[in-house]
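The values are calculated or read from the model by the stated rules, or taken from the named source; none is laboratory data. Every value quoted in this text rests on a predicted model; they were computed, and no experiment measured them. All Cβ positions, even for glycine, are placed from backbone atoms using ideal geometry, and neighbour counts span all protein chains on display.
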Amino acid sequence: MVIGCTYYRFDSDEDLYGIENVLIRLLNSSILDVDKLDYIIRDTKMSGYDNVSLDIKRLLRSVTAIKNEEGIYPAYDKKVLSTIDNLFKAKQQENMWMISHPVVEYEKRLIMACVQEYDNSNELYIEKVFTKEALTQAGICYNDLQYRLLSDIDILCDIKTLWNNSEQSVVNEYFNANMRKHPIWKSLYDYRFIWQKNSKGYSLEEIHDFFYPLINHLHNNNIFTFDENVYKEILQSNKEKIISAANIFKKLVTDFKMDFSFSILDMKNDFLSSVNEKNIYIFFDSGISDKNYDTYYGLINENSDDNDATVTNAENNFFYIYSKTKFTPEILKNFVCLTIEEITKNKKKLNNQKRKARA
């Protein structure tokens, strides 16, 4: 029940195992289980974030069950539809404004980069220390040090030993607030507004696709800070798509005398809840139909066929850019213009190549 493993054979008592499956799904599943209900409330309270109000007691009092061709499933009385709506809104708000906030995302990736830098200086650190054994009371021994009940404090103490005030180190960037980078845009909405108003007909997907080769190159090589040295290495790679995006940052640095220090983090617009809306059943005791329930997905998607419908979260990729030098409106406008010019140039070049190939 704890891991959400349901019975799939009913050799003896179908109803008994079906009811047990209901309890399992309420405890741990892809629907509205107790874990999701708990962490949304907990995270909201502990962070101080002013999220949507949730009447969990009312929701739990409405729990019932329905039986369909696949078995017995938990269901919720129609009177709590507003609470279920609020749960989805709360989950989306938490993902967008807390979990994927640009500062939170920057902090998370920066810590990962610090751990990687420590691993580069201390062989097999990640492999030996980031283990289940290190979480136990017995612990493990690494480099003559005993790691017991491993916590973030242990890890921070380790990476702090690399702190040497060198501006090239991500460790120093983590521990020195003056070395932190600043996000150019601070939300998905901000990102959309900037590009949609200035993209001259190019879609957001095309904008992302232009920068993705550079983003992917930095990620695959564990490069958190894109600087002058990394730029020189990229030029030697002779990979046109990566160089094309990198040249924009080089031109900005030259024209505006900025610090050549950027971080580019790929993101995904998956802020909507991953809960399977097709398995959330709403009970209607109306007596006007043989089928006294519908799915939440069927109710919120007009004219949908619940058997064939696919739950979509309108996912699309975007990215955050962080700069050591804060972007003024003039720098940002120049950055967007340079990007559009480069995309247009690349598109014309590709079209010319296609025409030559056909000829």
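Find the helices (runs of 4 or more DSSP H) located wholly in region 113-209 whose residues include 3 or more that are outside the structural domain of S323 (by TED's automatic domain parsing), and list them. Steps first, answer last, please.
Numbers: elements: 125-129, 152-160, 170-175, 188-196.
So the answer is 125-129, 152-160, 170-175.
From the residues in region 323-341 that are more than 20 Å from R192 (Cβ to Cβ) and among the charged types (D, E, K, R), which one is surrounded by the most Cβ atoms within 10 Å (Cβ to Cβ)? Lay out the reasoning, then the answer.
In the first step, residues of region 323-341 are kept if they are more than 20 Å from R192 (Cβ to Cβ); the result is 324-326, 328, 330, 341.
Next, from what is left, pick out any that are among the charged types (D, E, K, R): 324, 326, 330, 341.
Working: K324: 19, K326: 11, E330: 9, E341: 12.
In this case the residue turns out to be K324.
Of all residues in region 47-73 being at pLDDT below 85 and either over 24 Å from G18 (Cα atoms) or not assigned by TED's automatic domain parsing to the domain that holds A90 (or both), which is surrounded by the most Cβ atoms within 10 Å (Cβ to Cβ)? Before the answer, list the steps.
Let us first name the residues in region 47-73 that are at pLDDT below 85, namely 47-54, 68-71.
Pick out the ones that are also either over 24 Å from G18 (Cα atoms) or not assigned by TED's automatic domain parsing to the domain that holds A90 (or both) and you get 47-54.
Details: S47: 13, G48: 7, Y49: 14, D50: 9, N51: 20, V52: 17, S53: 9, L54: 17.
For region 47-73, the residue satisfying everything is N51.
Any chance you could count how many residues in region 3-45 are under 28 Å from K89 (Cβ atoms), at pLDDT below 85 and loosely packed, with under 14 Cβ neighbours inside 10 Å?
Residues in region 3-45 being under 28 Å from K89 (Cβ atoms), at pLDDT below 85 and loosely packed, with under 14 Cβ neighbours inside 10 Å: 6 in total.
Within region 313-322, is even one residue part of a strand (DSSP E or B), surrounded by 15 or more Cβ atoms within 10 Å (Cβ to Cβ) and either more than 20 Å from the chain's Cα centre (by Cα) or modelled with pLDDT under 60 (or both)? Quick ask: steps written out before the conclusion?
From region 313-322, those part of a strand (DSSP E or B) are 317-322; that's our starting set.
Right, trim to surrounded by 15 or more Cβ atoms within 10 Å (Cβ to Cβ) and you get 317-322.
Then drop every residue that is not either more than 20 Å from the chain's Cα centre (by Cα) or modelled with pLDDT under 60 (or both), which leaves none.
There is no residue in region 313-322 that is part of a strand (DSSP E or B), surrounded by 15 or more Cβ atoms within 10 Å (Cβ to Cβ) and either more than 20 Å from the chain's Cα centre (by Cα) or modelled with pLDDT under 60 (or both).
Mind listing just one residue for me: the one in region 119-143 that is small (G, A, S) and farther than 13 Å from D158 by Cβ and, of those, surrounded by the most Cβ atoms within 10 Å (Cβ to Cβ)?
The initial filter retains those residues of region 119-143 that are small (G, A, S), namely 121, 134, 138-139.
Going one step further and asking which of them are farther than 13 Å from D158 by Cβ, we end up with 138-139.
Details: A138: 9, G139: 17.
Here the residue is G139.
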